[in-house]
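Here is the structure we will look at.
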Amino acid sequence: MPSFQTTPGTRDILPPDAARWRGFVEKFSSVVSLAGFQHIVLPMFEDLGVFQRLGDATDVVTKEMYDFVDKGGRHVALRPEQTAGVCRSYAQHRPTAPWKVWYGGPNFRYERAQHGRYRQFDQVGVEALGSDDPLLDVEVIALAVEFFHGLGLRNVVLHINSLGDSGDRSRFVDALAQYFEGHLAELSPESVATLQRNPLRVLDSKRESEQGVVSQAPSISSFLSDEAASHFAQVKQGLDALGISYVVNERLVRGLDYYCRTTFEFQSTALESAQTALGGGGRYDGLVEDLGGPATPGIGFAIGLDRTLLACDAENVFAHPSARADVFVIDTTGGMQALQLCQQFRNVGLSSERSYGARAMKAQMKAADKSGASFAVIIGSDELSQGVATVKSMVDGNQEEIALDSVVGHVAAQLGKVIS
Ligand code: AMP
């Protein structure tokens, strides 16, 4: 056993998985850039107060935060998510609205680590600040739909709901609290505890024994103001206009306290565990103001990399990118030829590999096979004395002798690469 291993809830993302992660973020970036979202990079830790604005009834804030006092006496926390950071950034820099940004990177939550749930996990997401237009909600949701589709996923269901404006929401929460108080005997001790902190979250209960009492609970739709109801109706109309199918799920309350009006979540039907949510988001019209900025509506979503890649595995899509080299240079004359040729290939944009340590021809050939390279370029002492190299196609085994100073151009032409 080595002295150290990764701590619980953290992992090394090894090759080739890390390349797949990068491809995931690149795909996300290309989808959202087309809609005018620009990349933002936020600090990984902030003043604890920034995250406390997410709400004191939220587990993420009360139980799962990695917070500490730094050497300067500041109470800071590793970010558990990035929406609060984006809103803090907006309040700090006051960019022109609408401000449309996207992010990717790790978040930290002290959770019970399990398959698909980690203490350090990556998300990609977008936030659009400065407009409460319901058609912006539609556009934002459509981006996530487009992204999942682009990965090749076909079994992702969009759930939507409206939590109304803050007045609607608090009347609903009061009604829920009253209802559940009257049915305490049917609730688990965990839900009774949740009820004290946040009655909305009791609706999230996945416990079989509580499904009856939860299903009879009051519905948010009967508490929506005319404005909130009309906003939600327009969101649904917009989704219909884009041909995006959805399920209205009145039990969808989502984890963080700040959501109002539109909320949504993407569930994979290809995943079997309880962890089927790939991502979600919603409106948070009061958050920027809470963080000391001007009253600013906002909407966004975050998508978890781990779970979305598990869904890709389950649907057999978005495979690992190929790590194959274009060329493998075999040099049995000491290695200097391989050093120079590899460099020349790289200079024209072809990937090249070689063996190290002056290994025998057979061992180098084996390494070339293993690399998956399309061509092997072989230089032995005979070739070197004649100023040539043997270029061998690793696909059909054909080989020919090419003058050393033409090898790069020859291989590039074979690979269909134009070099200047
Ligand atoms: P949330 O920020 O809680 O709305 O989560 C959005 C998405 O991030 C979830 O649907 C998951 O895909 C992912 N996620 C949240 N927490 C974790 C975690 N601890 N480990 C892995 N993925 C997570």
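Could you tell me which residue of segment 266-293 is farthest from the ligand (Cβ to nearest atom), considering only residues that are surrounded by fewer than 22 Cβ atoms within 10 Å (Cβ to Cβ) and charged (D, E, K, R)? Out of the qualifying residues, it is E289.
Helices (runs of 4 or more DSSP H) fully within segment 132-241 that include at least 2 residues being under 32 Å from the mean Cα position of the chain (by Cα) and touching a residue at least 24 places away in the same chain (Cβ under 8 Å): 134-151, 166-181, 199-202, 226-241. Please verify whether segment 337-345 includes one or more residues that are surrounded by 15 or more Cβ atoms within 10 Å (Cβ to Cβ), at pLDDT 95 or above, away from the ligand (no atom under 16 Å from the Cβ) and small (G, A, S). Yes, segment 337-345 contains at least one residue that is surrounded by 15 or more Cβ atoms within 10 Å (Cβ to Cβ), at pLDDT 95 or above, away from the ligand (no atom under 16 Å from the Cβ) and small (G, A, S).
Exactly one condition in (1) away from the ligand (no atom under 16 Å from the Cβ); (2) in contact (Cβ under 8 Å) with a residue 12 or more places away in the chain; (3) in contact with a Leu (Cβ under 7 Å, 6 or more places away or on another chain) is false for R251; which is it? Going through (1) away from the ligand (no atom under 16 Å from the Cβ); (2) in contact (Cβ under 8 Å) with a residue 12 or more places away in the chain; (3) in contact with a Leu (Cβ under 7 Å, 6 or more places away or on another chain) one by one, R251 breaks only (1). Is it the case that segment 242-255 has a residue that's over 28 Å from T62 (Cβ atoms), assigned to a loop (DSSP other than H, G, I, E, B), of a type in the set (F, W, Y) and under 30 Å from the mean Cα position of the chain (by Cα)? Yes, segment 242-255 has at least one match. G357 versus (1) outside any helix (DSSP H, G or I); (2) within 25 Å of the chain's Cα centre (by Cα); (3) not aliphatic (A, V, I, L, M): which is the lone unmet condition? In the conditions (1) outside any helix (DSSP H, G or I); (2) within 25 Å of the chain's Cα centre (by Cα); (3) not aliphatic (A, V, I, L, M), G357 misses (2) alone.
Any residue at all in segment 129-136 that is among the aliphatic types (A, V, I, L, M), away from the ligand (no atom under 15 Å from the Cβ), surrounded by fewer than 19 Cβ atoms within 10 Å (Cβ to Cβ) and on the phi < 0 side of the Ramachandran plot? Checking segment 129-136: at least one residue is among the aliphatic types (A, V, I, L, M), away from the ligand (no atom under 15 Å from the Cβ), surrounded by fewer than 19 Cβ atoms within 10 Å (Cβ to Cβ) and on the phi < 0 side of the Ramachandran plot. Would you pick out the residues in segment 294-334 that are small (G, A, S) and open to solvent by less than 10 Å² (accessible area, probe 1.4 Å)? Matches in segment 294-334: G298, G300, A311, A325. Residues in segment 377-420 that are open to solvent by less than 40 Å² (accessible area, probe 1.4 Å) and acidic (D, E): E383 only. Looking at the structure I just gave you, is H115 open to solvent by 40 Å² or more (accessible area, probe 1.4 Å) and within 12 Å of the ligand (Cβ to nearest atom)? For H115, the condition - open to solvent by 40 Å² or more (accessible area, probe 1.4 Å) and within 12 Å of the ligand (Cβ to nearest atom) - is met.
Yes/no per residue for (1) part of a helix (DSSP H, G or I); (2) closer than 30 Å to P98 by Cα; (3) assigned by TED's automatic domain parsing to the domain that holds S393:
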{"site": "R261", "(1), (2), (3)": "no, yes, no"}
{"site": "L271", "(1), (2), (3)": "no, no, no"}
{"site": "D285", "(1), (2), (3)": "no, yes, no"}
{"site": "V288", "(1), (2), (3)": "yes, yes, no"}
{"site": "G292", "(1), (2), (3)": "no, yes, no"}
{"site": "I299", "(1), (2), (3)": "no, yes, no"}
{"site": "L309", "(1), (2), (3)": "yes, no, no"}
{"site": "G349", "(1), (2), (3)": "no, no, yes"}
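Going residue by residue through segment 204-218, is there one that turns out to be closer than 30 Å to P8 by Cα and crowded, with 19+ Cβ neighbours inside 10 Å? No. Exactly one residue among A175, A193, A144 is more than 14 Å from the ligand (Cβ to nearest atom) and surrounded by 15 or more Cβ atoms within 10 Å (Cβ to Cβ), and that residue is A175. Taken residue by residue, segment 365-380 has at least one member that is among the polar types (S, T, N, Q) and under 30 Å from R22 (Cα atoms).
Yes/no per residue for (1) away from the ligand (no atom under 16 Å from the Cβ); (2) in contact with a strand residue (DSSP E or B) (Cβ under 6 Å, 6 or more places away or on another chain):
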| residue | (1), (2) |
| --- | --- |
| P297 | yes, no |
| A314 | no, no |
| A323 | yes, no |
| S352 | yes, yes |
| A358 | yes, no |
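Being within 9 Å of the ligand (Cβ to nearest atom) and of a type in the set (D, E, K, R) is the filter; apply it to segment 254-265 and report the residue that is most open to solvent (accessible area, probe 1.4 Å). Among residues in segment 254-265 that are within 9 Å of the ligand (Cβ to nearest atom) and of a type in the set (D, E, K, R), the one most open to solvent (accessible area, probe 1.4 Å) is R254.
The values are calculated or read from the model by the stated rules, or taken from the named source; none is laboratory data. As the structure is a prediction and not an experimental result, all values here were calculated from the model. Methodologically, a virtual Cβ is constructed for each residue, glycine included, from the backbone with ideal geometry; neighbour enumeration extends over all protein chains shown. All accessible areas refer to the heavy atoms of the entire protein, side chains included, with ligands and DNA or RNA removed. Shrake-Rupley method; radii C 1.70, N 1.55, O 1.52, S 1.80 Å.
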